[in-house]
Each structure stands twice: as structure tokens, then as C-alpha cells.
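A.B. asks: The structure's right below; bear with me while I get my questions together.
Every number here is computed from the coordinates shown, using simple stated rules; none is lab data. Quick caveat, the model's predicted, so the values are computed rather than measured. Cβ: placed from backbone, ideal geometry, glycine included. Neighbour counts: every protein chain shown.
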Amino acid sequence: MASGFGWDRADAYLFDIDGTLVRSRDPVHYFAFQHALRKVFGLEATIDGVPVQGNTDIGILRAVLHQQGLADSEIDAGLPQMVEQMCAEVRRNSSQMCPELCPSVHEVLSLLHSQGKLLGAASGNLETIGWLKLERAGIRDMFAFGSFSHPLEFRADIFRQGVATAKQRLGPSAEVYIVGDTPADIQAAKAVGVPIIAVATGIFEFDHLLALQPDACFRRATDMMENF
Ligand SMILES: [Mg+2]
């Protein structure tokens, strides 16, 4: 941890969703990509060859369609429809979603909430899908706002928008920290110039994240509670 950095000192926190707040054990989100690719482009394609951790839903769709030989102009033309199809499909199957809270996430959110901190979600998920995961995990009400994929495509832009929203609500001098589980979160937060707290509850190991020099690094949210 950077010396003198107190993870609990911010006025607002932006939380990534997958691997940070929840882990999804169901394939609802995964199959929604296939559904949209079939409906809009008539393609029988999966997202299996594309890195999804730290990616955004739009970034994943674009990568699959590039592999299928489509040009960006064709992809961009189909994006609004694909987004609509994905969100509708996830909504249709939302009763099958079973996101599991990462250890101590509820406690950390409750603690921050009780301290009057502003909490936002900042995720590469499409908005409808991100909120549904949090709703199904029982933590939707903890979040005052969110910043998601589409029309934004890059994680740094999603974070930048989340920070801007927090500052609109709290004032320009508000301190905003980001919490995430991937190297992409660390890189994007650094690009935006905002402190990043890494938690190793996704697929990346603690040492891997620590080597990328986040402002704070924890094995799980449980360790955040102990350092509050
Ligand atoms: Mg994540």
C-alpha cells in the first residue's frame, strides 16, 4: 500500500461490479451476447476467444465481430440494436441470475453508507445488466448512481464519467476512489488520475495486482474492514 494512503478517506467510491462486488455463477450474461449476435447479425458466435475480465460489454461485442471479419462501421451501425437485444434477453432471464456477493462486500458497503459516503457503480456491464446483478445480489439500494458501458466503450471513460457524476453531487473538491479487481481497473483509474483500491476477489492474484501499484491492495473486502 502506498505509504500514508488511507482507503477510507474518500467522500465517494466507485465500485466495479464483476469480481469486485459479485461473482456470477449463472450464464445469463454470457448467453445474452450470443443472443444479440444471432439476432442482429445472424451470426452463430460465442465470446469464448475474447478476454472478458476488465473488458466492457461493447468492447467484447466489437472484438467478437472483428474476429468475424466485420468492419467498425458495420459494428457501430448494429450496436444500438445489440444493446437492446442483450438487455432484453437478460431481463427475460433475470430470475435465473444468481450473483454471489464477494466476501464482506455487504459489510463494507454498509459501513461506508453509515459514514455518509456516496457510492456509485462503475462497470463495463451494460446499464440494465449491471443494475440487475446488483438487484439480484440485494445491494442495489446502496448505490446512488452508476456509470456503465454504452455509449461509453472504454473503462477509463466509464470511470471518468463516474467521477464527474460524484463531483456534480458533492462538489468539485470531493475525493473519489475507485475499487476494482483487474489490471484494467488499475490502468484506467491511473489514466483518469483517481486513486484505485484493488481487491483480489476476481481471477487476478493479489501479487499480480500489487505489482501494478494500486494505491491500496487487499485480498478481499474483509481485509478492508480490518483496515478501516
Ligand atoms: Mg471486474
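A.B. asks: Collect the residues in segment 112-129 that are part of a helix (DSSP H, G or I) and either over 15 Å from D8 (Cα atoms) or within 13 Å of the chain's Cα centre (by Cα) (or both), keeping them in residue-number order.
C.D. replies: E127, T128, I129
A.B. asks: A further question on this structure: Look at L61 and say whether it is farther than 30 Å from M225 by Cβ and either buried (at least 17 other Cβ atoms within 10 Å of the Cβ) or of a type in the set (F, W, Y) (or both).
C.D. replies: When the stated conditions are applied, L61 passes them.
A.B. asks: Can you pull out the residues in segment 1-14 that are touching a Gly at 6+ places or on another chain (Cβ under 9 Å) and not in a strand (DSSP E or B)?
C.D. replies: D11
A.B. asks: Same structure again: Looking at this structure, is I75 farther than 26 Å from R160 by Cα, without any contact (Cβ under 8 Å) to a residue 40 or more places away in the chain and of a type in the set (A, V, I, L, M, F, W, C)?
C.D. replies: Against the criterion (farther than 26 Å from R160 by Cα, without any contact (Cβ under 8 Å) to a residue 40 or more places away in the chain and of a type in the set (A, V, I, L, M, F, W, C)), I75 does not qualify.
A.B. asks: Continuing with this model, one more query. Within segment 103-141, which residues are surrounded by 16 or more Cβ atoms within 10 Å (Cβ to Cβ) and among the basic types (K, R)?
C.D. replies: Across segment 103-141, the qualifying residues are K117, K133, R136.
A.B. asks: Counting only residues that are within 13 Å of the ligand (Cβ to nearest atom) and not β-branched (V, I, T), give me the helices (runs of 4 or more DSSP H) lying completely in segment 130-223 with at least 2 of them.
C.D. replies: Result: 155-170, 183-192.
A.B. asks: Here's another thing I want to ask about it. Which of the residues spanning segment 16-39 are more than 28 Å from R219 (Cα to Cα) and surrounded by 21 or more Cβ atoms within 10 Å (Cβ to Cβ)?
C.D. replies: Listed by number, the residues that qualify are A32, F33, A36, L37.
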